[in-house]
Amino acid sequence: MNAHSPARLTLGPLLFHWSARKRRDFYLRIADEAPIDTVYLGEVVCSKRDSEFAGVRVEVIERLRAAGKEVVLSTLALVTTPAEVEAIRAVAGGDLLVEANDVAGVQLLAGRPFVVGPYINVFNEGARDFLLGRGAVRIVLPVEMPAKSIAVVAGGDARAEYEVQVFGRQPLSVAMRCYHARAHDRTKDHCQLVCGLDADGLTARTIDGSDILTINGTQTLTHGHAVLLAELESLRAAGVRHFRLSPQDLDMVAVAGLYREVLDGRCAPDAALAALRALTGEVPFINGFLHGREGLAWTNA
Amino acid sequence: MSPRYLELVCPAGTPAALHAAVDAGADTVYCGFRDCTNARNYPGLNFDADELREGIAYAHGRGCHVLVAVNTFPPAGNQAPWHRAIDTAADAGADAVILADLGVLDYATRRHPGLRRHLSVQASAANAPSIAFYRDHFGVKRVVLPRVLSVEEVAELVAATGIETEVFAFGSVGPMSEGRCFLSSYLTGLSPTSEGACAPASHVSYVEQDGRMLSRLGGTTLNCFGRGEPAAYPTPCKGRYVTHGRASYLFEEPIGLNAIKILPELKAAGVTALKIEGRQRSRAYVTQVVGDFRKALDALARGTTPPASGLKGETEGGRETFGAYHRGWR
C-alpha cells in the first residue's frame with residue numbers, strides 16, 4: 001500500500017453498553033449518512049451485554065451492507081468461559097469477516113481470512129509475519145504503538161492492510177473484574193449491567209481532582225479522546241490505509257465527515273481540529289502514544 | 001522422598017536470590033536477563049550470561065530446574081536482543097524459556113526446537129482455544145495461567161487442553177489481563193509490554209502537601225497517605241481514584257495473593273506447578289515464602305496437615321486474599 005491508495009474510514013466496535021434502541025438508531029444513521037467504508041459490530045468488552053444487540057443485529061447488518069459498507073464482526077477481548085468460546089465459533093462459521101481480539105479467535109478462524117484486532121499484541125515484524133501466515137488480512141495495530149514502529153510493521157508490506165485508531169478514547173486494559181460494578185458496590189456476577197448508565201463511560205478522577213481514566217465495565221480507557229488528524233498523512237505514508245473512529249456518545253457522523261475531508265485533502269488538519277473541538281466539548285485531546293510519549297500527552301504535530 | 005505434590009517455582013531476581021530460593025526448597029527457579037527482554041526490568045535486578053551459567057550450575061547441582069523469562073514484546077525493528085536472549089539461555093543450559101510474543105515464540109520454535117517452551121502470563125491465555133493455539137503452533141509444554149481465573153475455570157482448562165499449567169500462588173493480585181495493559185505507559189511513556197517495567201521507579205515521586213504524602217507516577221497522583229502512614233508504591237492499578245465523588249481502590253485494594261491454604265484445591269484442579277512472585281523482593285522474602293510453601297507441600301505430600309504459615313507480613317499491605325480463585329473477588 002502506498003500513500004496514493006484510497007484511505008478507508010472505519011467505525012470500530014461500540015465499546016459502551018447502549019440500549020438496543022440507541023444502538024439501532026446510531027447504526028442506521030451511520031448507514032444512511034456517514035462517509036464510513038467499514039463498520040465493526042459486536043461486543044468486545046463483556047459477554048453479559050451481548051443479548052442487548054441480538055434483536056437488532058440482523059437489521060443493522062442488512063442496512064449497513066445495503067448502504068455499501070463492509071461489515072466486520074468483532075469478538076471479545078478477554079475470553080474465559082466455554083460460552084464465550086462458542087460465541088466466537090459461531091461467528092467464525094458465518095459469511096462475514098471476523099475481527100479476533102483474543103488469540104482464541106485466531107485459533108478458531110484457522111483457514112479463513114480474518115482481521116487481527118487491537119487487543120492482540122502485534123508489536124513487531126515477527127508477530128506480524130506469524131499472523132499473516134495464519135490468514136490475517138488486516139491488522140489493527142495496538143493503541144500503544146508509536147509511529148516509528150507502525151512504519152516498520154506496516155511500511156512496504158503489501159500482504160495485508162493496516163489499521164490505526166485515529167479518534168476516540170483508547171482502550172488501556174481489560175480485566176475479569178468489573179470496575180463499573182465496583183464503583184456501585186456490586187460484583188461482576190451481580191452487576192445488573194450498571195455500565196449501561198454511562199453511555200460514554202464513567203470518569204475516574206485522581207484524588208487531587210484531575211480527570212484521568214474512563215471506566216467501561218471490565219475495560220479501562222483513556223479520559224481524553226485520541227485525535228490523530230495532523231498525523232493522517234504520515235500514517236498513510238507509513239503504509240496505514242484504514243483509519244478507525246471509535247464510537248463515542250456524540251455526533252459520529254459529523255466526526256466521520258471531518259476525518260473524510262482531511263483524508264481527501266478538502267480540509268486542513270488545523271481547521272478540522274477546531275471543528276472537532278466543537279463536537280467533543282471539554283474532553284481533552286491526546287496523541288501521546290503515537291508520538292512515543294505518555295499516552296495522555298498532546299503534541300502539536 | 002514423597003512423590004511431588006505440586007512443583008514449586010520460585011523467583012530469582014538476583015544470583016543471591018537464586019541461591020536463597022534453591023536452599024529454601026524450590027523445585028524450580030525463574031530469572032531473566034538484565035535488559036528489556038523480561039518483564040521485571042528494574043535497576044539492580046537480573047542476570048548476565050555468566051551469572052546465569054553459574055546459577056544454573058548451582059541449581060542443577062541440587063536437583064533444581066532453571067527457567068528463563070524472555071517475556072516482553074520486542075518493538076518493531078529491534079527483535080535481535082530477544083533472539084539473543086533465547087540463544088544465550090539455550091547455550092547456558094536453561095531447562096525452559098518463558099515466552100509471550102508470537103514472533104519470539106516462532107523464533108524459539110524454529111531455532112531451538114529442543115529447548116522447552118513455557119507460555120508467560122504476559123500472553124494472557126485464559127481459554128482453551130488460546131492455549132491450544134500456543135500448544136499446536138509452538139509446542140508449548142506449559143502455560144502460566146492469568147490470575148483472573150477461578151479454581152473451577154482452571155480445572156476446566158486443564159481438562160480441555162491436556163497441558164501443564166502453572167498458577168500464581170503468592171504475590172500480587174493482578175486485576176488486569178497481563179501483557180495487554182497500557183495504564184503505566186499512558187502515565188509514563190514507558191511500556192511494560194516492550195520495556196519490561198510497570199510503574200518504573202524513575203517516574204515515581206512522593207510529594208508532601210498539606211500534611212499529606214502524595215504518591216505520583218509521571219505527573220499523576222495515584223494515592224495519598226497521612227503522616228506516619230506507610231506510603232504504598234504507586235502502581236496504576238493499585239491507586240485510589242474518585243468515582244461518583246468517592247475515593248476508592250477502584251481496581252484493587254492493597255492486598256496480596258496467598259493461596260497457601262487452598263493448595264489441595266489447586267492440586268485437585270490438575271495444576272502442575274505453583275508460581276511464587278517476587279523477583280524484585282529481598283532474599284529474606286524469598287527464604288521465608290519459599291520455605292513456608294516447601295513445608296506446606298511436603299506435609300500435603302505426606303498426607304498430613306500443613307503447619308501454620310506466617311506469611312501475612314510478606315503480603316502487600318499486610319493483608320491477603322485468594323484473589324480470583326474464589327468467585328466473590330470479581
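The values are calculated or read from the model by the stated rules, or taken from the named source; none is laboratory data. It should be emphasised that the depicted structure is a prediction, and the values quoted were computed from it without experimental measurement. Neighbour counts are summed over all protein chains in view; Cβ atoms, including those assigned to glycine, are modelled from backbone coordinates with ideal geometry. Accessible surface areas use protein heavy atoms only, side chains included; no ligands, DNA or RNA. Shrake-Rupley method; radii C 1.70, N 1.55, O 1.52, S 1.80 Å.
If the requirement is being without any contact (Cβ under 8 Å) to a residue 12 or more places away in the chain, within 11 Å of another protein chain (Cβ to nearest Cβ) and open to solvent by 20 Å² or more (accessible area, probe 1.4 Å), which of these qualifies: A:Glu125, A:Glu86? Break it down stepwise before answering.
Values: A:Glu125 fails: without any contact (Cβ under 8 Å) to a residue 12 or more places away in the chain.
So the residue among A:Glu125, A:Glu86 that is without any contact (Cβ under 8 Å) to a residue 12 or more places away in the chain, within 11 Å of another protein chain (Cβ to nearest Cβ) and open to solvent by 20 Å² or more (accessible area, probe 1.4 Å) is A:Glu86.
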Is one or more of the residues making up the range B:147-160 at pLDDT below 95, at the interface with chain A (Cβ under 8 Å from one of its Cβ atoms) and surrounded by 24 or more Cβ atoms within 10 Å (Cβ to Cβ)?
yes
Filter the range B:187-198 down to the residues that are open to solvent by less than 30 Å² (accessible area, probe 1.4 Å) and under 17 Å from A:Ala297 (Cα atoms), then identify the one that is nearest to the other protein chains (Cβ to nearest Cβ).
B:Gly189
Take B:Asn127 and decide whether it is within 24 Å of B:Phe168 (Cβ to Cβ), open to solvent by less than 20 Å² (accessible area, probe 1.4 Å), at pLDDT below 95 and in the same structural domain as B:Glu156 (by TED's automatic domain parsing).
no
Does the range A:184-207 include one or more residues that are more than 14 Å from chain B (Cβ to nearest Cβ), β-branched (Val, Ile, Thr) and open to solvent by 10 Å² or more (accessible area, probe 1.4 Å)?
no
Return the residue satisfying two criteria in turn: it lies in the range A:68-82 and is within 14 Å of chain B (Cβ to nearest Cβ) and crowded, with 21+ Cβ neighbours inside 10 Å, and of such residues it is nearest to A:Asn121 (Cα to Cα).
A:Ala77
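Are there strands (runs of 3 or more DSSP E) fully within the range B:1-77 with at least 2 residues that are open to solvent by less than 20 Å² (accessible area, probe 1.4 Å) and modelled with pLDDT under 95? List them.
Once the strands (runs of 3 or more DSSP E) in the range B:1-77 are filtered for at least 2 residues that are open to solvent by less than 20 Å² (accessible area, probe 1.4 Å) and modelled with pLDDT under 95, nothing remains.
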How many residues does the range A:1-53 contain that are of a type in the set (Asp, Glu) and open to solvent by 70 Å² or more (accessible area, probe 1.4 Å)?
3
Among (1) open to solvent by less than 40 Å² (accessible area, probe 1.4 Å); (2) within 14 Å of another protein chain (Cβ to nearest Cβ), B:Ala259 falls short only on (2)
Flag if A:Pro146 is under 18 Å from the mean Cα position of the chain (by Cα) and either free of Cβ contacts under 8 Å to residues at least 60 places away in the same chain or within 11 Å of chain B (Cβ to nearest Cβ) (or both)
yes
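So, A:Val56, is that one at pLDDT below 95, hydrophobic (A, V, I, L, M, F, W, C) and either part of a helix (DSSP H, G or I) or surrounded by fewer than 18 Cβ atoms within 10 Å (Cβ to Cβ) (or both) or not?
yes
Take A:Val44 and tell me if it is of a type in the set (A, V, I, L, M), under 23 Å from B:Met176 (Cα atoms), within 14 Å of chain B (Cβ to nearest Cβ) and assigned to a loop (DSSP other than H, G, I, E, B). Give the derivation first.
Details: of a type in the set (A, V, I, L, M): yes; under 23 Å from B:Met176 (Cα atoms): yes; within 14 Å of chain B (Cβ to nearest Cβ): yes; assigned to a loop (DSSP other than H, G, I, E, B): yes.
Here the answer is yes, as A:Val44 does meet what is asked.
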Answer residue from the range B:218-252, given it is of a type in the set (A, V, I, L, M, F, W, C) and free of Cβ contacts under 8 Å to residues at least 24 places away in the same chain and is farthest from the other protein chains (Cβ to nearest Cβ) among those:
B:Phe225
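With respect to B:Val204, determine if the residue is assigned by TED's automatic domain parsing to the domain that holds B:Leu99 and in contact (Cβ under 8 Å) with a residue 12 or more places away in the chain. Can you show your working first?
Details: assigned by TED's automatic domain parsing to the domain that holds B:Leu99: no; in contact (Cβ under 8 Å) with a residue 12 or more places away in the chain: yes.
When the stated conditions are applied, B:Val204 does not pass them.
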Output the residue which, of all residues in the range A:134-143 that are within 9 Å of chain B (Cβ to nearest Cβ) and not β-branched (Val, Ile, Thr), is surrounded by the most Cβ atoms within 10 Å (Cβ to Cβ).
A:Pro142
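What do you reckon, is B:Tyr325 within 14 Å of chain A (Cβ to nearest Cβ) and among the hydroxyl-bearing types (Ser, Thr, Tyr)?
Criteria met by B:Tyr325.
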